[in-house]
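Asks: Below is a structure I'd like to ask you about.
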Amino acid sequence: MKMLRCRICGETYLGTEAPSHCPFCGAHREYIVDSPEYPADINEVQLTEIEREDLKASIELERSNTRFYLGMAQHKDEHVLSSAYKRLAKVEAEHCELFCKLASLEEPEDLNVPLEVSSDWCANIAESVEREQRASRLYRQFAERATNERIREVFEAVSAVEADHIELDGEASSYAGC
Ligand SMILES: [Fe+2]
Ligand SMILES: [Fe+2]
């Protein structure tokens with residue numbers, strides 16, 4: 001059993017080898033390091049005004065997506081999809097937490113409050129694709145204009161995670177027969 005740690009979300013993973021994706025934030029394996037290599041001060045960053053505004057926009061986006069997925073997960077008529085989107089909500093909440101940490105802001109109080117969403121899985125999955133495309137595109141833009149190395153690393157990693165979520169929506173969509 002090894003102590004591994006994700007450079008992106010900072011969570012520890014206990015296992016025999018690095019997983020393909022961080023189970024907490026979805027970051028790809030390349031970001032998973034041996035725990036002693038993880039710098040304790042990794043999130044102590046000096047932000048530019050633009051970086052601060054980009055983090056604030058990201059917190060709002062993750063807040064909304066977390067709540068949207070919690071709303072989807074409440075529809076228990078489909079346990080496979082409900083469980084998958086419950087997990088997705090947790091991943092987005094992890095992103096929200098990370099952005100709050102980087103911006104030294106409190107987490108939104110309503111992060112765990114589900115949004116009212118349609119009971120139509122196909123409509124929700126289609127909305128999810130739009131949300132993920134928007135997030136992935138936005139984070140890529142934020143990564144490009146970031147001057148701080150850590151901020152750039154985080155936005156690049158999370159942009160790739162959101163792109164993975166579009167693939168998951170594809171799987172969900174075929175499963176649901178949309
Ligand atoms: Fe992670
Ligand atoms: Fe996502």
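Asks: In Å, the Kirkwood hydrodynamic radius of segment 14-82 over pairs of distinct alpha carbons? Don't skip to the end; give the middle numbers.
Replies: Details: mean 1/r = 0.0643 Å⁻¹.
For segment 14-82, the Kirkwood estimate is 15.6 Å.
Asks: Let me know the Rg and Dmax you get for the chain when you use only its Cα atoms, in Å.
Replies: Computed over the Cα atoms of the chain, radius of gyration and Dmax are 16.3, 48 Å.
Asks: Hey, what number do you get for the chain at 222 nm if only DSSP H runs of n ≥ 4 count, each worth -39500 (n - 2.57), divided across all residues, to the nearest 500? Write out the running numbers ahead of the final one.
Replies: Working: 4 runs with 103 residues, N = 178.
About -20500 deg cm²/dmol.
Asks: Place a label point 7 angstrom from the Cα of Lys86 along the Cα-to-Cβ direction, then list the residues of segment 25-44 whose backbone nitrogen is under 20 Å away.
Replies: In segment 25-44, the label zone of Lys86 (backbone N under 20 Å from the point 7 Å along Cα→Cβ) covers 25-26.
Asks: Between segment 29-44 and segment 101-178, how far is it from one alpha carbon centroid to the other, in angstrom?
Replies: When both Cα centres are located, 23 Å separates them.
Asks: Quick check: pseudo-label points 7 Å beyond the Cα along Cα→Cβ at Asp120 and Asn148, how many nm apart are they?
Replies: About 4.3 nm separates the two model spin labels.
Asks: Could you please rank Val154, Val33, Val117, placing first whichever residue has the fewest other Cβ atoms within 10 Å of its Cβ? Intermediate values should be presented prior to the final figure.
Replies: On the way: Val154 31, Val33 14, Val117 20.
By the 10 Å Cβ count, ascending: Val33, Val117, Val154.
Asks: Amide H neighbours of Ala27 under 5 Å, at least 5 residues apart or on other chains, H built in the peptide plane: list them.
Replies: Residues meeting the amide H criterion: Cys22.
Asks: Let's test the formula: R0 of 45 Å, r as the Cβ-Cβ distance of Glu17 and Thr48. What FRET efficiency results, to the nearest 0.05? Walk me through the numbers on the way to the answer.
Replies: Values: r = 38 Å, r/R0 = 0.84.
Given R0 = 45 Å and the Cβ-Cβ separation, E is 0.75.
Asks: With a 10 Å Cβ neighbour count serving as the proxy for reagent exposure, in which order, fewest first, do Thr16, Thr48 appear? Walk me through the numbers on the way to the answer.
Replies: Values: Thr16 7, Thr48 14.
By the 10 Å Cβ count, ascending: Thr16, Thr48.
Asks: In bins 10 Å wide, starting from 0, what share of all Cα pairs of segment 68-146 does each bin hold, as a percent?
Replies: Once binned at 10 Å, the Cα pair distances of segment 68-146 give 17, 43, 30, 9, 0.
Asks: Residues with amide H under 5 Å of Tyr13's amide H, sequence separation 5 or more or different chain, H placed in the peptide plane at 1.01 Å from N; which?
Replies: Amide H to amide H, under 5 Å and 5 or more residues apart or across chains, Tyr13 pairs with Leu4, Arg5, Cys6.
Asks: To continue, here is another question. How far is helix 49-73 tilted off the main Cα axis of the chain, in degrees rounded to 10, range 0 to 90?
Replies: Here the helix axis deviates by roughly 30 degrees.
Asks: How large is ³J(HN,Hα) for each residue in segment 105-119, as worked out from phi by the Karplus curve 6.51 cos²θ - 1.76 cosθ + 1.60 (θ = phi - 60°), to whole Hz, x for Gly and Pro?
Replies: 10, 5, 6, x, 5, 9, 4, 9, 9, x, 7, 6, 10, 4, 8
Asks: Let me ask something else. Restricting attention to the alpha-carbon atoms of segment 102-169, what are Rg (one decimal) and Dmax (integer), both in Å?
Replies: Calculated on Cα positions, Rg and Dmax stand at 14.5, 43 Å.
Asks: Further question on the same structure: Would you mind checking which residues have amide H under 5 Å from Leu115's amide H? H placed 1.01 Å from N; only 5 or more apart, or other chain.
Replies: Phe68, Leu70, Gly71
Asks: What is the helix-to-structure angle for 79-103, meaning the angle in degrees between its Cα long axis and the longest Cα principal axis of the chain, kept from 0 to 90 and rounded to the nearest 10?
Replies: Relative to the chain, helix 79-103 is tipped by roughly 30 degrees.
Every read-out reported here was derived from the displayed coordinates using simple, explicitly stated rules and does not represent laboratory data. Predicted model only: the values in this text are computed from it and were never measured. Note that we place each Cβ from the backbone using ideal geometry, even for glycine, and neighbour counts take in every protein chain shown.
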